[in-house]
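Before any comments, here is the structure.
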Amino acid sequence: DRPDPPRALRLSGVSGTSLSLSWDPGFDGGLAQHFLLRAEGPDAPPPPVALVTSGFSLTLGGLRPATPYDVIVHARNARGDSAPVRLSAVTS
């Protein structure tokens, strides 16, 4: 089955050009899963920053200082993607 969304997405650190996030994995659907993270900001150059990890934390770098971002995280396995989880944060 498709994985459940990540749980307890939280901001664990902020700088002028990065946001550090961590989360708890949801049920993996019985298959190996990884997580896709994307940061969307009003002044962010397209395409949005997108990273993939198999861990439960990641730092999104290369962001613009003093800029609000919506961070979207979802889990993916061989059967598909989970529903997205969102967090709003502002770089310092």
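The values are calculated or read from the model by the stated rules, or taken from the named source; none is laboratory data. Not measured: the values here are computed from a predicted model. A quick note on method: Cβ atoms are made from the backbone with ideal geometry, for glycine too, and the neighbour counts reach across all protein chains shown. In case anyone asks, the SASA skips ligands and DNA or RNA and just uses the protein heavy atoms, side chains included. Shrake-Rupley method; radii C 1.70, N 1.55, O 1.52, S 1.80 Å.
Among the residues of segment 75-92, those that are open to solvent by less than 50 Å² (accessible area, probe 1.4 Å), within 15 Å of residue 59 (Cα to Cα) and aliphatic (A, V, I, L, M) comprise 87, 89.
Residues that are in a strand (DSSP E or B) and open to solvent by 30 Å² or more (accessible area, probe 1.4 Å) within segment 54-73 comprise 57, 58, 59, 68, 70, listed in sequence order. The set of residues in segment 27-40 that are in a strand (DSSP E or B) and surrounded by 15 or more Cβ atoms within 10 Å (Cβ to Cβ) comprises 35, 36, 37, 38, 39, 40. Residue 24 passes every criterion in (1) in contact with a Pro (Cβ under 6 Å, 6 or more places away or on another chain); (2) open to solvent by 30 Å² or more (accessible area, probe 1.4 Å) apart from (1). For segment 42-53, state whether one or more residues are in contact (Cβ under 8 Å) with a residue 40 or more places away in the chain, open to solvent by 20 Å² or more (accessible area, probe 1.4 Å), not hydrophobic (A, V, I, L, M, F, W, C) and not in a strand (DSSP E or B). No, there is no match, as no residue in segment 42-53 is in contact (Cβ under 8 Å) with a residue 40 or more places away in the chain, open to solvent by 20 Å² or more (accessible area, probe 1.4 Å), not hydrophobic (A, V, I, L, M, F, W, C) and not in a strand (DSSP E or B).
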